[in-house]
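**Q** Before I ask anything, here is the structure I am working with.
No lab work stands behind these numbers, since they all come straight from the coordinates. Being a predicted model, the structure only gives us computed values, none of them experimental. Don't worry about glycine lacking a Cβ; one is built from the backbone with ideal geometry, like all the others, and counts go over all protein chains shown.
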Amino acid sequence: MVVDPGCAKSVQDFLDARGYHLSGILITHHHMDHVGGIDALLGKAKKDLPVYGPASGRIAQINRPVREGDTVDVHCLVAKVLEVPGHTLDHIAYVIELKDTMNSEEVWMFPGDTLFSGGCGRLFEGSPQQMFESLQKLNQFPANTRVHCAHEYTESNMRFSRAYAPDSKKIEDRESEVRRIREQGLSTIPTTLETERLSNLFINAANPIEFKQIREAKDKF
């Protein structure tokens, strides 16, 4: 299954290289860089595939609309649906707790553009209050939760965080680590909630007012 296929070719190339067949699509929100590959993937599959996503009706290809509290069968795993408005009003996230099926304490999170490594999504539709509450909802899971966010924005996020909080040793250390990783051509994703709790200004905001100040500063950075 694939989450937010903005590009069909990269997904299909991955499937073909490994001999995999697509069995379903999970969508977090309607922006084109998350849904742009759906039609081509459905056409390539030549069969009806389940397309899960927000129940708002804004994405025509969704045939399995889901809401807060719903679950999605991901083969032997179960993904729980969380409504996390802020970036868009109908944004959702998927969380897979492996203790439910594989006797593991590990958790996999797919938050789309709500939570980023070192940051969060822009408020295109929602309010600071909504995004603050959404981040707190995502932050309720264990520290070892693997956060598979949708974009590799960590380096720019940490550059902003270092400028906003120049006295933070934890942010300084994270920025240096991220720079080393990116210089090697590697990805910083997935991150973990433990890492974000140490160095993400947005998820650590004490209240919606503080969050708004940080978000506005990032928008102008």
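**Q** Could you give each residue of the range 110-116 its phi-based ³J(HN,Hα) in whole Hz, using Karplus coefficients 6.51, -1.76, 1.60 with θ = phi - 60°, and x for Gly or Pro?
**A** Values, residue by residue: 10, x, x, 9, 7, 10, 10 Hz.
**Q** Next question. Do any GluC sites (Glu not before Pro) in the range 86-136 lie in a loop, going by DSSP, with at most 16 other beta-carbon atoms within 10 Å of their beta carbon, and if so which? Spell out each step's value before the answer.
**A** Working: sites: E97, E105, E106, E125, E133; in loops: E105, E106, E125.
Sparse-neighbourhood loop GluC sites (Glu not before Pro): E105, E106, E125.
**Q** Sequence gap of 8 or more, or different chains, plus Cα separation below 25 Å: how many lysine pairs satisfy both in the chain?
**A** Lysine pairs meeting both conditions in the chain amount to 16.
**Q** Cα axis of helix 154-164 to longest principal axis of the chain: angle in degrees, 0 to 90, nearest 10?
**A** Taking Cα atoms only, the helix is inclined about 20 degrees.
**Q** For R146, R18, what ranking results if the residue with the fewest other Cβ atoms within 10 Å of its Cβ goes first?
**A** On the way: R146 15, R18 7.
Listed from fewest to most nearby Cβ atoms, that is R18, R146.
**Q** Rounded to whole Hz and in sequence order, give me ³J(HN,Hα) for the range 193-201 from the Karplus expression 6.51 cos²θ - 1.76 cosθ + 1.60, θ = phi - 60°, writing x for Gly and Pro.
**A** Calculated HN-Hα couplings, in order: 5, 4, 5, 5, 5, 7, 9, 9, 4 Hz.
**Q** Could you derive backbone 3J(HN,Hα) for the range 78-87 from the dihedral phi with the Karplus parameters 6.51, -1.76 and 1.60 (θ = phi - 60°), listing whole Hz in sequence and x where the residue is Gly or Pro?
**A** So the J values, rounded to whole Hz, are 10, 9, 8, 9, 10, 8, 10, x, x, 5.
**Q** Normalised by the number of residues in the range 5-128, what is the relative contact order in percent for Cα pairs under 8 Å and 6+ residues apart?
**A** On the way: 220 pairs, mean separation 22.1, N = 124.
For the range 5-128, the relative contact order is 18 percent.
**Q** Next up: Report relative contact order for the range 67-220 in percent, whole number only (criteria: Cα-Cα under 8 Å, sequence separation at least 6). Could the numbers behind the result be given before it?
**A** Values: 283 pairs, mean separation 32.5, N = 154.
This gives 21 percent for the range 67-220.
**Q** In which sequence would H29, H34 go, from the one with the fewest C-beta neighbours within 10 Å to the one with the most? Working shown, then result.
**A** On the way: H29 28, H34 23.
Listed from fewest to most nearby Cβ atoms, that is H34, H29.
**Q** Hey, fewest Cβ within 10 Å first, where do C7, C120, C76, C149 land in order?
**A** Numbers: C7 13, C120 30, C76 7, C149 26.
Ordered from fewest to most neighbouring Cβ atoms within 10 Å, C7, C120, C76, C149 come out as C76, C7, C149, C120.
**Q** With the cut-off at 1.5 for a/c, could you classify the range 1-135 from its C-alpha gyration tensor as rounded, prolate or oblate? Let's see the in-between values first.
**A** Values: a/c = 1.72, a/b = 1.26, b/c = 1.37.
Judged from the Cα gyration tensor, the range 1-135 comes out oblate (a/c at least 1.5, b/c at or above a/b).
**Q** Considering amide H positions built from the backbone, and no H for Pro or chain starts, which residues 5 or more places from T191, or on another chain, come under 5 Å of its amide H?
**A** Close amide H contacts, sequence-distant or interchain: V147, C149.
**Q** Where does helix 8-18 land angle-wise versus the long Cα axis of the chain, in degrees 0 to 90, nearest 10?
**A** Compared with the principal axis, the helix lies near 70 degrees.
**Q** What is the range 67-220 by shape, rounded, prolate or oblate, if you read a ≥ b ≥ c off the alpha carbon gyration tensor as root eigenvalues and call it rounded for a/c under 1.5, prolate for a/b larger than b/c, and oblate otherwise?
**A** Details: a/c = 2.01, a/b = 1.29, b/c = 1.55.
Note, shape of the range 67-220 comes out oblate.
**Q** Using Cα pairs under 8 angstrom and six or more residues apart, how large is the relative contact order of the range 1-66, in percent?
**A** Dividing the mean separation by the residue count of the range 1-66 yields 32 percent.
**Q** Divide, for the range 1-66, the radius of gyration over alpha carbons by 2.2 N^0.38 Å, where N is the residue count. If you can, show how the numbers build up before the last one.
**A** Working: Rg = 11.1 Å, N = 66, 2.2 N^0.38 = 10.8 Å.
Rg over 2.2 N^0.38 Å, computed on Cα atoms: 1.02.
**Q** Could you state the angle between the C-alpha long axis of helix 128-138 and the longest principal axis of the C-alpha atoms of the chain, as a value from 0 to 90 degrees rounded to the nearest 10?
**A** Once rounded, the angle reads 70 degrees.
**Q** I want the antiparallel fraction of DSSP beta bridges within the chain, as a percent rounded to 5. Let's see the in-between values first.
**A** Details: 17 of 26 bridges.
So the antiparallel bridges in the chain amount to around 65 percent.
**Q** Residues with amide H under 5 Å of V66's amide H, sequence separation 5 or more or different chain, H placed in the peptide plane at 1.01 Å from N; which?
**A** Under 5 Å from the amide H of V66: G53, A55.
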